[in-house]
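*Asks:* Structure provided below as structure tokens; questions to follow.
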Amino acid sequence: MFVSPFHDLEEKLGANFGGFAGWEMPMSFTSYAEEHMSVRSSVAFFNLSHMGRLRVKGNPKEFEMLVAKEVSKTNSGNMIGPTAFLNDKAGFKDDVMVYKVSENEWLIVTNAINREKIVNWIKSNSNLDVDDLTFKYGMIAIQGRKLEEILGKNELKPLEFKLNTKFMGYDVFLVSKSGWTGENGLEVWVTLDIGRQLIMDLVKIGIKPAGLIARDSLRQEMGFVLYGEDIDETITPVEARYWVFSLEKDFIGKDSLVERIKSGIEKVRIGFKMKKGERIIPRHPSKIYSLGNEAGYVTSSTFSPYLNRVIGMGYVNPKYFYLGYNLAVEIRSKQYDIKIDEFPFI
């Protein structure tokens, strides 16, 4: 198992560690609810160094065939994403963020669980050069509604990035403006020694560290998927309602995706809310019912501190996609009402 590159420092800051995608990472520092609300009401920072960070160079036509969204029309210094690498059947190899450095160079952020798989997949499907930067740099994400109030206004626009720049007085490899929480956010790629100094400076100015549990509850409020739970190689973007592709170009999996769009799908991703006061959380793959008929299953769920209720997502047969109406989820042989709702929940 890989270990957070800032493990000893995070331990001093009170981190509770746990395993995730082959890494030992901070799950929380105080309570996930407190950290969650710090993002929604102020600002917090996350160590996301477990996520894969790749540099890819070579023929842009080859790269374009790998990525489901169009890359060539995007200007350098901009991000493309979220987008995806798909298999021949249009299932998700991974959902990724692509950073266009130049016409023949890109950076990619992968899910931690898929880093090695994607490196090998790119090499087996192209002549592109792939350099794994994951262990060279740490990645820290600063997220929250008061980001600019606390750190000052940043010149980056959404989905822009800068290489070899300054951040809080430090020389950093990359600063980008995106995020996975629904709030204002910056991501910083730093050498490990500078990363340690940056973390301490963030703490000194009152920005609290947050763990992966809060990151999970924040992304569920927004309806963002997690690879391995809500999507995988058997799920297509159409079923996931995850519009990470462009049919105006060719890419691996396009023919299967087009066929799926033409013929229709047998399951579709939904969001749901449980009644306030219900604190029991359905786990994957708890079954979903419509008046006794099995309709689908849960993929992920959590208690939302912001909404003060259990929320989640899953898949149902499209004939049961009763948006705004109730289905039921079975937990320990008992059924609980869930209201089918649209993302985002906040």
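The values are calculated or read from the model by the stated rules, or taken from the named source; none is laboratory data. Because the structure is predicted, anything quoted here is derived from the model rather than measured. Here the Cβ positions follow ideal geometry from the backbone for every residue, glycine too, while neighbour counts run over all protein chains shown. Areas reflect the complete protein model, heavy atoms only, side chains present, ligands, DNA and RNA absent. Shrake-Rupley method; radii C 1.70, N 1.55, O 1.52, S 1.80 Å.
*Asks:* Suppose the chain between THR30 and GLU278 were pulled fully straight at 0.36 nm per residue; how much longer would it get relative to their current alpha carbon spacing? Please report the intermediate quantities before stating the final value.
*Replies:* On the way: separation 248, 0.36 × 248 = 89.28 nm, distance 2.35 nm.
Once the chain is fully extended between THR30 and GLU278, it gains 86.9 nm.
*Asks:* What is the distance, in nm, between label points placed 7 Å from the Cα along the Cα-to-Cβ direction at ILE265 and at ARG332?
*Replies:* That separation, rounded to one decimal, is 3.3 nm.
*Asks:* Name the residues of the stretch 45-70 whose amide N is less than 14 Å from a point 7 angstrom out from the Cα of GLU103 along the C-beta direction?
*Replies:* 58-62
*Asks:* Using the heavy atoms of the protein chains alone and a 1.4 angstrom probe, what is the accessible area of the chain per residue in square angstrom? Mind dumping the intermediate values first?
*Replies:* Working: 15070 Å² over 346 residues.
Ligands and nucleic acids excluded, the figure is 44 Å² per residue.
*Asks:* Describe numerically, in nm with one decimal, the distance between label points set 7 Å from Cα along Cα→Cβ at LEU163 and at LYS12.
*Replies:* Calculated label separation equals 3.3 nm.
*Asks:* If you plug each phi of the stretch 282-290 into the Karplus form 6.51 cos²θ - 1.76 cosθ + 1.60 with θ = phi - 60°, what whole-Hz ³J(HN,Hα) values come out, in order, with x for Gly and Pro?
*Replies:* x, 10, 5, x, 3, 7, 10, 10, 10
*Asks:* How far is it, in nm, from the label point at TYR322 to the one at ARG55 when both lie 7 Å from their Cα along the line to the Cβ?
*Replies:* It works out to 5.5 nm between the two label points.
*Asks:* Now for a separate question. Show me, for the stretch 320-329, the HN-Hα J-couplings you get by feeding each phi into the Karplus relation (A = 6.51, B = -1.76, C = 1.60, θ = phi - 60°), rounded to Hz, glycine and proline as x.
*Replies:* 10, 7, 8, 4, x, 10, 9, 10, 9, 10
*Asks:* So how many Å³ per residue does the convex hull of the Cα atoms of the chain work out to?
*Replies:* Working: hull volume 46.0 nm³, N = 346.
Residue-normalised Cα hull volume stands at 133 Å³.
*Asks:* Run through the stretch 15-117 and list the trypsin sites (Lys or Arg not before Pro) located in a DSSP loop whose Cβ has at most 15 other Cβ atoms within 10 Å.
*Replies:* LYS73, LYS89
*Asks:* In terms of modelled amide H atoms, which long-range or inter-chain residues lie less than 5 Å from the amide H of ASN16?
*Replies:* MET27, SER28, PHE29
*Asks:* Further question on the same structure: Within 10 Å of each candidate Cβ there may be at most 15 other Cβ atoms; applying that plus a DSSP loop requirement, which trypsin sites (Lys or Arg not before Pro) in the stretch 263-308 survive?
*Replies:* Those that pass, being in a loop and sparsely packed, are LYS275, LYS276, ARG279, ARG283.
*Asks:* Related question: May I ask for the distance between the Cα centers of the stretch 244-312 and the stretch 114-174, given as a whole number of Å?
*Replies:* Centre-to-centre (Cα) distance: 29 Å.
*Asks:* Classify the stretch 136-242: rounded, prolate or oblate, from the alpha-carbon gyration tensor (a ≥ b ≥ c, eigenvalue square roots; a/c under 1.5 rounded; otherwise prolate if a/b is larger than b/c)?
*Replies:* prolate
*Asks:* Hey, what do the phi angles of the stretch 113-129 turn into as Karplus ³J(HN,Hα) couplings, whole Hz, using 6.51/-1.76/1.60 and θ = phi - 60°, x for Gly and Pro?
*Replies:* Using θ = phi - 60°, the values come out as 5, 10, 3, 5, 4, 6, 4, 5, 5, 4, 5, 7, 10, 6, 9, 6, 8 Hz.
*Asks:* Could you pull out every residue, at least 5 positions away or on a different chain, whose amide H is within less than 5 Å of the one on ILE235? Hs are placed 1.01 Å off N in the peptide plane, and Pro or chain starts have none.
*Replies:* Answer set, sorted by chain and number: PHE92.
*Asks:* Separate question: Where a ≥ b ≥ c are the square roots of the eigenvalues of the C-alpha gyration tensor, would you call the stretch 51-130 rounded, which needs a/c under 1.5, or, failing that, prolate if a/b is larger than b/c, or oblate?
*Replies:* Verdict is rounded for the stretch 51-130.
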